[in-house]
Amino acid sequence: MKKKYIIRKLLTAIPTFLIATIILFSLLHIAPSGPVEIMVRSSGKTMDPGMIEELRSQYGLDKPLHQQYFRWLSNFFTGDLGYSYVTNQRLNSILPEKILLTLELVLVANVFSVAFAVVLGVIAAVRKNSFLDNFLSSFALFTYSMPLFWVGLLALYVFSLKLGLTPVGGVTSLGKDFTGFAAIADNLYHLILPASVLSLAYLAYYFRLIRSSMLDVLNKEYVVAARAKGVKELAVIFKHALRNALLPLITLFAVSLGFVLAGSVVIETIFGWPGLGRFLVTAAFNRDYTALLSLNAIIVIMVLFANLVADIACAYVDPRIKY
Amino acid sequence: MLLNVSDLQTHFFTDDGVVKAADYVDLTVEKGEVLGLVGESGCGKSTVALSILRLIPKPGKIVGGRIEFLSQDLLDLSQRAMRKIRGNEISMVFQDPTASLNPVLSVGDQIGEAIRIHQNVKKRKEINARAVEILQKVGISDPRDRLANYPHELSGGMQQRVMIAIALSCQPKLLLADEPTSSLDVTIEAQILNLLRELQQDLELSMIMITHDLGVIAEISDRVTVMYAGQRVESATVTQLFENPLHPYTQALLEAIPTTEHAVTTIETIPGKVPSLVNPGKRCLFSPRCEIATEVCKSTLPESKRVEEDHIVACHHQGGPDRSGGCHEE
Ligand SMILES: Nc1ncnc2c1ncn2[C@@H]1O[C@H](COP(=O)(O)OP(=O)(O)O)[C@@H](O)[C@H]1O
Ligand SMILES: [Mg+2]
């Protein structure tokens, strides 16, 4: 039963993946000027048209578009991500590390923000309209509406430059060869500020979702019925209400992965965190077709995977969902 | 006397003003007795029931009165002591079983919870055995298999049986049944009413049966309290009430008993609606809809008068000058 359900979900993911990558591919080619033109322009030299043509054919850019797409697709599925025109490196050798770095940042930020959002959201909903609720809600609205890059720069200025508590950027301390435990500690030391800024942004978003979902559930009749049984208030909140309040949010968490990755683009750029986000920005400026396509395809797969996990989790915790 | 509610005042402090959902309500329940609580929707029946359990939601508050249960005022109890009463000594069955069962917890979990809290039974096996026993009592077949079911897997009638099982799982002394059948269809309604009556007699249970349908009252209650706009307007034994209704509102309710099998939620025979309970003013609240209302009804609040043993009415005219024929004419 469950296996069938998962296979069905996986099969529906295939057309989604194809459509998403075709749209991406088309968008890239609609954008004016290609990678060769940009390379030539940024080098500042003039190059004769013959040379440009030669470079284009060398990269396969003179082929019809559908051929280019299918070549990329078959390569992608045989595990060959292609070649970055800009860095002159095989993507297979540079992307895995970047993916891991981004996942580290995003996952740590997410775990913290979800944990805090659940606690604060529940408190705010239970103490609706209290001073604490008003304070938390206004604070959430405030951080939610502040541009992420601005918060990032501010944090960098205060904590790194003025107070000297955290490093200015990067993943590890340069010129120091830590091993084992020390290396991990050094990495976490670099992670703490970008992850905090990022989780502050998610926190506001998740807090608002959890608070409103919880408020909705606390008015349900089964919550009153639980109290009428003599259930303690804490158990009413966590056993009877919270589970129901989190159900609609599981899917929302998965859907917001795209939004979460977008946030990491900004943070990675500000904090010099060499993950996917920063690479994506550089690649976009240079029309690095293959890199953009492969990278975005990976992101599409991550989002689809998160959705699959959410579907399975929902079916697991909500008895009303049929496989 | 098991329960003696006197001068209960429960108000909702809304943005539009203070809603007096229960305004000096008196009612009593003897041991083993069924009290019917009747009135159109919005009259404050649920408010009274929830007040007894002290579960009035914000922005509501019990602002006055006494709720004596076994000679102690529930309003004096600590939260902790009150929790020991809820589901154990006094339990409640709600109107809509689909909404009052938790969708993500199994039937076994939800019955077992009350047993675990109040009966000091900790072993899963023992809890389940008791749950099976009580499910059998409320007429659920294959009770052992039902424990693993989730509410959505059961029909509305079954769900209400489960709610009744939960309510009775700790042998309460008083059951508050808040329109327990009004969301069910007619045949199921009859089954559930029968079940409640049987259980009530077997267990010598005291009960407050809330309904807007006097037909239900006739079948199950010993005494009746009629509420209108947050106030008690009449209280009598079932026989007295049906033979000699004194309040024009009660008379109208009796005329509105459906002859067909269809229940009604508002009384079409009386023009008008339940008035706003915000600032009701000093007058008989029923006077705008009353055919026999006079000047005095519009300027002074009628006092409750005991006209017979067990028969109390709050009406300036006690049913009107031509009361003798009042409720019998068609
Ligand atoms: N949570 C609440 N907030 C504001 N007003 C309420 C609330 N609950 C009930 N009321 C008001 O109290 C009055 C009585 O309601 P209720 O006790 O539910 O009546 P009944 O059960 O007889 O239909 C109504 O006028 C209703 O609007
Ligand atoms: Mg009600």
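The values are calculated or read from the model by the stated rules, or taken from the named source; none is laboratory data. Only a predicted model underlies this, so the values are computations on that prediction, with no experimental measurement involved. Note that each Cβ is placed from the backbone with ideal geometry, even for glycine, and that neighbours are counted across all protein chains shown. Each accessible area value is taken on the protein alone, full model and side chains, heavy atoms only, with ligands, DNA and RNA left out. Shrake-Rupley method; radii C 1.70, N 1.55, O 1.52, S 1.80 Å.
The numbered conditions (1) surrounded by fewer than 17 Cβ atoms within 10 Å (Cβ to Cβ); (2) within 12 Å of ligand 1 (Cβ to nearest atom) are all true for B:G44 except (1).
Taken together, the criteria exclude A:K45 from residues that are basic (K, R) and in the same structural domain as A:L188 (by TED's automatic domain parsing). Give the number of residues within the stretch A:284-323 that are open to solvent by 20 Å² or more (accessible area, probe 1.4 Å), outside any helix (DSSP H, G or I) and more than 14 Å from chain B (Cβ to nearest Cβ). Qualifying residue count for the region: 3.
Could you identify the single residue in B:A131, B:A167 that is more than 12 Å from chain A (Cβ to nearest Cβ), under 24 Å from B:N194 (Cα atoms) and surrounded by 19 or more Cβ atoms within 10 Å (Cβ to Cβ)? Explain how you work it out, then say what you get.
On the way: B:A167 fails: more than 12 Å from chain A (Cβ to nearest Cβ).
When all the criteria are applied, what remains is B:A131.
Does B:D7 satisfy being at pLDDT 95 or above and either more than 24 Å from B:H311 (Cα to Cα) or open to solvent by 30 Å² or more (accessible area, probe 1.4 Å) (or both)? In short, yes. Hey, which of the helices (runs of 4 or more DSSP H) in the stretch A:52-148, taking only ones fully inside, have at least 1 residues that are of a type in the set (D, E, K, R), surrounded by fewer than 18 Cβ atoms within 10 Å (Cβ to Cβ) and more than 14 Å from chain B (Cβ to nearest Cβ)? By residue number, A:65-77, A:91-126. Is it true that some residue in the stretch A:162-181 is in a helix (DSSP H, G or I) and surrounded by 14 or more Cβ atoms within 10 Å (Cβ to Cβ)? Taking every residue of the stretch A:162-181 in turn, none turns out to be in a helix (DSSP H, G or I) and surrounded by 14 or more Cβ atoms within 10 Å (Cβ to Cβ). Within the stretch B:163-211, can you find the residues that are assigned to a strand (DSSP E or B) and of a type in the set (V, I, T)? Matches in the stretch B:163-211: B:I208, B:I210, B:T211. Against the condition among the β-branched types (V, I, T) and crowded, with 18+ Cβ neighbours inside 10 Å, how does A:V151 come out, does it pass? Taking the combined requirement at face value, the residue satisfies it. Scanning the stretch B:178-196 for residues that are away from ligand 1 (no atom under 16 Å from the Cβ) and either among the polar types (S, T, N, Q) or within 14 Å of another protein chain (Cβ to nearest Cβ) (or both) yields a count of 3. Scan the stretch B:72-116 for residues that are touching a residue at least 40 places away in the same chain (Cβ under 8 Å) and more than 7 Å from chain A (Cβ to nearest Cβ) and report the count. Number satisfying all stated conditions: 13.
Within 16 Å of ligand 1 (Cβ to nearest atom), within 23 Å of the chain's Cα centre (by Cα) and crowded, with 22+ Cβ neighbours inside 10 Å - does that describe any residue in the stretch B:101-111? No, there is no match, as no residue in the stretch B:101-111 is within 16 Å of ligand 1 (Cβ to nearest atom), within 23 Å of the chain's Cα centre (by Cα) and crowded, with 22+ Cβ neighbours inside 10 Å.
Can you confirm whether B:K58 is more than 14 Å from chain A (Cβ to nearest Cβ) and within 16 Å of ligand 1 (Cβ to nearest atom)? Considered against the rule, which asks whether it is more than 14 Å from chain A (Cβ to nearest Cβ) and within 16 Å of ligand 1 (Cβ to nearest atom), B:K58 comes out as no. Tell me, yes or no, whether the stretch B:76-86 has at least one residue that is more than 16 Å from ligand 1 (Cβ to nearest atom), under 20 Å from the mean Cα position of the chain (by Cα) and not hydrophobic (A, V, I, L, M, F, W, C). Checking the stretch B:76-86: at least one residue is more than 16 Å from ligand 1 (Cβ to nearest atom), under 20 Å from the mean Cα position of the chain (by Cα) and not hydrophobic (A, V, I, L, M, F, W, C).
Considering only residues that are more than 16 Å from ligand 2 (Cβ to nearest atom) and assigned to a loop (DSSP other than H, G, I, E, B), look in the stretch B:57-66 and name the one that is most open to solvent (accessible area, probe 1.4 Å). Spell out how you get there, then give the answer.
Residues of the stretch B:57-66 that are more than 16 Å from ligand 2 (Cβ to nearest atom), as a first pass: B:58-59, B:61-66.
The next check asks that each one be assigned to a loop (DSSP other than H, G, I, E, B); those that pass are B:58-59.
Working: B:K58: 174, B:P59: 62 Å².
Among those that are more than 16 Å from ligand 2 (Cβ to nearest atom) and assigned to a loop (DSSP other than H, G, I, E, B), it is B:K58.
One residue stands out among those in the stretch B:25-55 that are under 11 Å from the mean Cα position of the chain (by Cα) and in a strand (DSSP E or B): the one that is nearest to ligand 2 (Cβ to nearest atom), which is B:L37. Quick one: in the stretch B:183-205, of everything that is within 26 Å of B:Y249 (Cβ to Cβ) and not aliphatic (A, V, I, L, M), which residue is surrounded by the fewest Cβ atoms within 10 Å (Cβ to Cβ)? Across the stretch B:183-205, the extreme among qualifying residues is B:S183. Taken together, A:Y205, A:Y189 contain a single residue that is buried (at least 18 other Cβ atoms within 10 Å of the Cβ) and either over 21 Å from A:V114 (Cβ atoms) or more than 14 Å from chain B (Cβ to nearest Cβ) (or both), which is A:Y205.
Of everything listed in (1) under 26 Å from B:P180 (Cβ atoms); (2) free of Cβ contacts under 8 Å to residues at least 60 places away in the same chain, the single unmet condition for A:I192 is (1). Of all the numbered requirements in (1) open to solvent by 20 Å² or more (accessible area, probe 1.4 Å); (2) among the hydrophobic types (A, V, I, L, M, F, W, C); (3) more than 14 Å from every other protein chain (Cβ to nearest Cβ), B:F69 misses one, and that requirement is (1).
Can you confirm whether B:R86 is open to solvent by 30 Å² or more (accessible area, probe 1.4 Å), more than 16 Å from ligand 2 (Cβ to nearest atom) and closer than 14 Å to B:L176 by Cβ?
Working: open to solvent by 30 Å² or more (accessible area, probe 1.4 Å): no; more than 16 Å from ligand 2 (Cβ to nearest atom): yes; closer than 14 Å to B:L176 by Cβ: yes.
Here the answer is no, as B:R86 does not meet what is asked.
All conditions but one from (1) more than 14 Å from every other protein chain (Cβ to nearest Cβ); (2) surrounded by fewer than 18 Cβ atoms within 10 Å (Cβ to Cβ); (3) not β-branched (V, I, T) apply to B:Q119; the one that does not is (1).
Scan the stretch B:22-40 and give yes if some residue there is crowded, with 22+ Cβ neighbours inside 10 Å, within 10 Å of ligand 1 (Cβ to nearest atom) and closer than 23 Å to A:K220 by Cα, otherwise no. The answer is yes, given that some residue of the stretch B:22-40 is crowded, with 22+ Cβ neighbours inside 10 Å, within 10 Å of ligand 1 (Cβ to nearest atom) and closer than 23 Å to A:K220 by Cα.
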